[in-house]
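The values are calculated or read from the model by the stated rules, or taken from the named source; none is laboratory data. Small disclaimer: the values here were computed from a predicted structure and weren't measured. So basically every Cβ, Gly included, is an ideal-geometry build from the backbone, and we count neighbours across all protein chains shown. Calculation scope for accessible area: heavy atoms of the full protein, side chains included, ligands and nucleic acids excluded. Shrake-Rupley method; radii C 1.70, N 1.55, O 1.52, S 1.80 Å.
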Amino acid sequence: MLHKIMILEKWRKAMDSYVNGTVKTDEKTISVRCERGKTLLAVLRENGILLSAPCGGNGTCGKCRVTVSGAVSAIEAQEAHLLHEEEIEAGIRLACMCRISGDFMVSIEKAAMRIETDYRAVPYDLSPMIAKKKEGDMSEFYRDGILVERVLGDAANLGLAVDIGTTTVAVYLCDMETGTVLATRAFRNPQAAYGADVISRIDKIMKDKKALAEQQRLISNAVREAGISACGERGLSFADVRAAVLCGNTVMEHIAAGIDPSSIANAPFTAPTLFGAYYSAAELSFLENEHSILYFAPCFASYVGGDIACGMIAQGLDACADNVLYIDIGTNGEIGLSTRNGLYFCSAAAGPAFEGAHIECGMSGISGAIDKISLKDGKIVFHSIGSGTPLGICGSGLIDAVAVMLETGLLDETGRIVERDEAGKYAAYIDEDETGASIFLIDKEHSVYLTGKDIREIQLAKAAICAGIYTLLDKAGLSLSDVSSVVLAGGFGSHIDKASACRIGLIPRELEDKITAVGNAAGAGAVAILLGGSPREAARTICDKSDYTELSGDAYFMEKYIEEMMFE
Ligand code: FES
């Protein structure tokens, strides 16, 4: 009897430690049961709801905002510091800081994100990774002339090209028979729940080996779902997807392949593999067809990945007679220089400022972000994505903001925001923070502004990229006047204003008229490798003719970096 009572008591205690919750997103409402004391972020993750957590749940970025009611922990100083008073009054909490103490309800708004899927690419002849032949009433599929699959009837021959960015993912469903892109899908990288940047995601893997399998599962599931949805849109079967080409930065490719990338984050920063290799797509759970293959694009180095190789191949820069700069700005500014003597690469640690991280009112390029700022009739005007209430400022807006501040004299060449009495007719745009330091008011009504610390982050980022450009030119024995064109790749490149980028010194002014944005060049390259023989051959050889410069130990880079920190 006593034994039974003890068991009952144990059971009662165990049940007491569980609580009920309701989670509302834009798409669904679900009921969850979870342990008391867990953070909301952990509970959401356990239930498959992936909230962006740029600082990896360390309570420092303030971006994991959710609206909560019910029994949760009281707000503490660190969390309160990252929220506005009105937000706290409205029940907004940081999911990584807020702990469950009883039954609760949480709402998550998912803002739509701008993701670039369009691109410009050089043409190539159709010669798909998997070739199809009709033999009587059978369809035969060949890879490099070897029969890999026979199916009854006239089966489609489909492929996926996948660009896995740290923040966003683009998937292209291609018809390998006709060489056309049938449908595209773009979405946030679900691994963002493990941190905004590659270092946070590696950090999670180093602390818990299960995080590698979990991050691999998240990306393979998301790509598979995107493929199924794209096939559904065209009335096709996902089982007919027979090949996929995947590109991303070196860390993203490792995680997608289920290979531990930890060594990339620790000296001497070497990658376990640089890919340019085939894997079983079904084994890695990206595709369904058991014969399907998955090609991982070649990476140049630990910090110059397969996305850059694909982008350069798509632009025909793997073998180019002109001197062309290729720039892809993300957390790292990855820079390539194509010359008749070979390819030069570097990766400038720009930091996440242009993605809105580490900026007080920063946010990614989603609805509500101020993305353009200009001077009009003596007034500073702005545009926000979705044209709704401004909630913050994204990378393209930051570049414009600094350009406008320089133009109006609100920022001096050292990066100091002037005081109100120095601001002349623009004095209304200057205010002071609680320490008395000047801040630049972009939208006073909605409290969107830039601080001196924000300007410092932008200075560091722009100086790193600009100094990287000069360093590659120096390695190749070239000067700015030798550059025939500048290719800006990626979504960010498509949205920034060229004049502003040159005004703030992100790109040398002498190159302004030579800049062309090409959209998602990495995605274009993945499509080209899937469908074209010459792009596939280029992928096989591109790393052989490349020269990688590690900037952290480069004296010329350091000298230029310090020089470029200033504004003109
Ligand atoms: S503050 Fe919660 S994830 Fe950064």
Euclidean distance of C-alpha centroids, the stretch 320-376 and the stretch 499-537, integer Å: 10
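Expected output is a single nm value to one decimal: the length gained when fully extending between residue 217 and residue 25, i.e. 0.36 nm times separation in residues minus the C-alpha distance. What is it?
On the way: separation 192, 0.36 × 192 = 69.12 nm, distance 2.19 nm.
Between residue 217 and residue 25, full extension yields 66.9 nm more.
Please give the direction-averaged projected area of the C-alpha convex hull for the stretch 443-568, in square nanometres with one decimal.
Numbers: hull surface 42.4 nm².
Taking the Cα atoms of the stretch 443-568, their convex hull projects to 10.6 nm² on average.
Hey, any idea what Rg/Rh is for the chain, computing Rh the Kirkwood way over Cα pairs? Don't skip to the answer; put the middle values down first.
Details: Rg = 25.4 Å, Rh = 25.3 Å.
Here the Rg-to-Rh quotient is 1.00.
Can you give the FRET efficiency to the nearest 0.05 for residue 75 and residue 208, using r as the Cβ-Cβ distance and R₀ = 45 Å?
Details: r = 28 Å, r/R0 = 0.62.
Rounded to the nearest 0.05, the efficiency is 0.95.
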Protein-only accessible surface order, largest first, of 389, 435, 117 at 1.4 Å: 435, 389, 117
15 Å cut-off, amide nitrogen to a point 7 angstrom out along residue 447 Cα→Cβ, residues in the stretch 76-111: 79-94
Residues residue 431 and residue 120, FRET efficiency given R0 of 56 Å [Cβ-Cβ distance, rounded to 0.05]: 0.85
Of all accessible heavy-atom area on the chain, the percent that carbon and sulfur account for (1.4 Å): 51
Residue-normalised accessible area of the stretch 209-295, given per residue in Å² at a 1.4 Å probe: 39
Percentage relative contact order, the stretch 131-313, counting C-alpha pairs under 8 Å, at least six apart: 19
Protection-proxy order for peptides 272-280, 229-237, 327-335, 519-527, each taking the mean of Cβ atoms within 10 Å per residue, highest first: 519-527, 327-335, 272-280, 229-237
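Ordering 240, 454 by accessible area with a probe of 1.4 Å, largest first, what comes out? Display every interim value, and only then the final one.
On the way: 240 30, 454 0 Å².
Putting 240, 454 in descending order of accessible area: 240, 454.
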Pair residue 479, residue 278: separation of 7 Å Cα→Cβ label points (nm): 5.0
Distance (nanometres) between label positions extended 7 Å along Cα→Cβ at residue 67 and residue 182: 4.1
Area accessible to solvent at residue 81, 1.4 Å probe radius, in Å²: 150
Counted charge near residue 426, where neighbours are those whose Cβ lies closer than 14 Å (Asp, Glu -1; Lys, Arg +1): -2
Heavy-atom surface of the stretch 362-449, accessible at 1.4 Å and reported per residue (Å²): 46
Residue-span extension gain [residue 127 to residue 270] - 0.36 nm each, minus C-alpha spacing: 48.1 nm
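Suppose every Lys and Arg Cβ carries +1 and every Asp and Glu Cβ carries -1, with no other charges. What dipole size does the chain come out with about its Cα centre, to the nearest 20 debye? Let's see the in-between values first.
Numbers: 53 positive and 77 negative charges, 371 e Å.
Computed charge dipole of the chain: roughly 1780 debye.
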Spin-label model distance (nm) - residue 35 vs residue 559, 7 Å beyond Cα toward Cβ: 5.8
Debye, to nearest 20: dipole size of the stretch 362-449, +1 on Lys, Arg Cβ, -1 on Asp, Glu Cβ: 360
Distance from the stretch 34-112 to the stretch 212-266 (C-alpha centre basis), Å: 29
Local net charge near residue 479, Cβ-Cβ under 15 Å (Lys/Arg +1, Asp/Glu -1): 0
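Please work out the FRET efficiency for the pair residue 421 and residue 512, using the Cβ-Cβ distance as r and a Förster radius of 41 Å; give the result to the nearest 0.05. Working shown, then result.
Numbers: r = 34 Å, r/R0 = 0.83.
Calculated value: 0.75.
Using helices alone, I'd like the mean residue ellipticity at 222 nm for the chain: each DSSP H run of four-plus residues gives -39500 (n - 2.57), total over residue count, nearest 500.
It comes out at -8500 deg cm²/dmol, rounded to the nearest 500.
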Residue-level accessible surface for residue 443, protein heavy atoms, 1.4 Å, Å²: 10
Accessible surface of residue 558 - all protein chains present, 1.4 Å probe, nearest 10 Å²: 80
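Mind checking the full-extension length gain between residue 144 and residue 413? Use 0.36 nm per residue of separation minus the Cα-Cα distance, one decimal, nm. Before the final figure, lay out each step's value.
Details: separation 269, 0.36 × 269 = 96.84 nm, distance 5.83 nm.
Taking residue 144 through residue 413 to full extension adds about 91.0 nm, to one decimal.
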The chain, relative contact order in percent, only Cα pairs under 8 angstrom and at least six apart counted: 14
Cα coordinate range in the stretch 131-313, projected on the principal axes (Å, largest first): 58, 31, 30
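Kindly point out which whole DSSP H helices in the chain project their C-alpha atoms 24 angstrom or further along the helix axis while averaging a Kyte-Doolittle hydropathy of 0.0 or above. Don't skip to the answer; put the middle values down first.
Working: long enough: 210-233 (34 Å, -0.17); 452-476 (36 Å, 0.32).
Both cut-offs are met by 452-476.
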Gyration tensor verdict on the stretch 347-407 (Cα atoms; rounded if a/c is under 1.5, prolate if a/b is larger than b/c, oblate otherwise): oblate
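Please report the antiparallel percentage of DSSP beta bridges with both residues in the chain, rounded to the nearest 5. Display every interim value, and only then the final one.
Details: 76 of 107 bridges.
So the antiparallel bridges amount to about 70 percent of the total.
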